[in-house]
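Heads up: the structure comes next, in structure tokens.
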Amino acid sequence: MGKSLNPAPHAGFNNFYSDKIAYLYGEQNLMSAYHILIVDDDEDDHLFIKTAIRNVIPSAAVKSLFDGAELSADRRGAPQTPSLIFLDLNMRMEDGKTTLQNIKKDNSLKRVPVIILTTSTDPNEKEKCMNLGADDFFVKPYTESDLSNIIKQVSRKWLEAEA
């Protein structure tokens with residue numbers, strides 16, 4: 001047998017990047033009791049929110065989407081209806097209010113709780129979002145502890161998860 005022309009890649013390098021990609025873009029575990037979507041155009045916020053969700057609800061399957069168009073594309077032929085959607089308002093491509101309106105028009109998503117998690121501190125935003133069909137509204141906190149408390153509150157109220 002001859003020597004392979006394609007040497008095996010460095011395992012540490014590949015594991016690091018494949019783990020990071022799976023963590024950021026979502027490894028859907030169809031056996032999970034809860035399927036949570038994060039719709040936000042900021043990668044750092046995705047990692048921050050995913051970390052908090054995984055600390056509070058370790059068995060949840062969490063998927064990151066970066067705008068409303070990606071959410072629509074993802075839903076076509078999706079095997080699972082999400083248990084919960086965390087939605088940012090301030091996104092570049094399609095703002096969160098438009099995405100929220102589209103979610104509430106979609107028969108497969110309109111009953112899914114949508115939790116607004118945004119940097120907006122405008123007191124009128126909450127009322128506008130609730131009138132559009134949002135189920136809850138939170139200003140993004142700056143600490144992991146505060147975000148974990150929000151995730152616990154949301155999971156108790158909307159998922160009936162023991163958090």
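Nothing in this text is a laboratory measurement; each read-out follows from the coordinates by a stated rule. Here the structure is a predicted model, which is why all the values come from computation and not from measurement. FYI the Cβ positions are ideal-geometry reconstructions off the backbone, even for glycines, and counts take in every protein chain you see.
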Tell me which of Pro123, Asn107, Met93 sits at the most positive position along the dipole axis of the stretch 33-159, charges placed on C-beta atoms (Lys, Arg +1; Asp, Glu -1). Asn107
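Gln101 to Thr143: extension gain in nm, 0.36 nm per residue of separation minus the Cα-Cα distance? Let's see the in-between values first.
On the way: separation 42, 0.36 × 42 = 15.12 nm, distance 2.96 nm.
Stretched fully, the Gln101-Thr143 segment lengthens by 12.2 nm.
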Show the residues, 5+ positions off or on another chain, whose built amide H is closer than 5 Å to the amide H of Ile36. Ala61, Val62, Lys63, Ser83
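On a 18 Å Cα-Cα criterion, which of the cross-link pairs Lys97/Lys140; Lys63/Lys157; Lys50/Lys152; Lys97/Lys152; Lys104/Lys128; Lys97/Lys126 come out too long? Present the calculation step by step, with values, prior to reporting the outcome.
Values: Lys97/Lys140 16 Å; Lys63/Lys157 21 Å; Lys50/Lys152 13 Å; Lys97/Lys152 24 Å; Lys104/Lys128 14 Å; Lys97/Lys126 11 Å.
Lys63/Lys157; Lys97/Lys152, as the Cα separations exceed 18 Å there.
Set the Förster radius R0 to 25 Å, insert the Cβ-Cβ distance between Arg92 and Ala33 as r into 1/(1 + (r/R0)^6), and round the FRET efficiency to 0.05.
Numbers: r = 33 Å, r/R0 = 1.32.
Efficiency at R0 = 25 Å is approximately 0.15.
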From the phi of every residue in the stretch 115-120, what ³J(HN,Hα) in whole Hz does the Karplus formula 6.51 cos²θ - 1.76 cosθ + 1.60 yield, where θ is phi - 60° and glycine or proline is x? 10, 7, 10, 9, 8, 5
To the nearest 20 debye, what is the magnitude of the charge dipole of the stretch 33-159 about its Cα centre, counting +1 on the Cβ of each Lys and Arg and -1 on the Cβ of each Asp and Glu? 700 debye
Charge dipole magnitude, Cβ of K and R +1, D and E -1 - the stretch 71-141, Cα centre, debye nearest 20: 260 debye
Out of residues 5 or more away from Phe138 or on other chains, whose amide H comes under 5 Å of its own, with H placed 1.01 Å from N in the peptide plane? Ile116, Leu117, Thr118
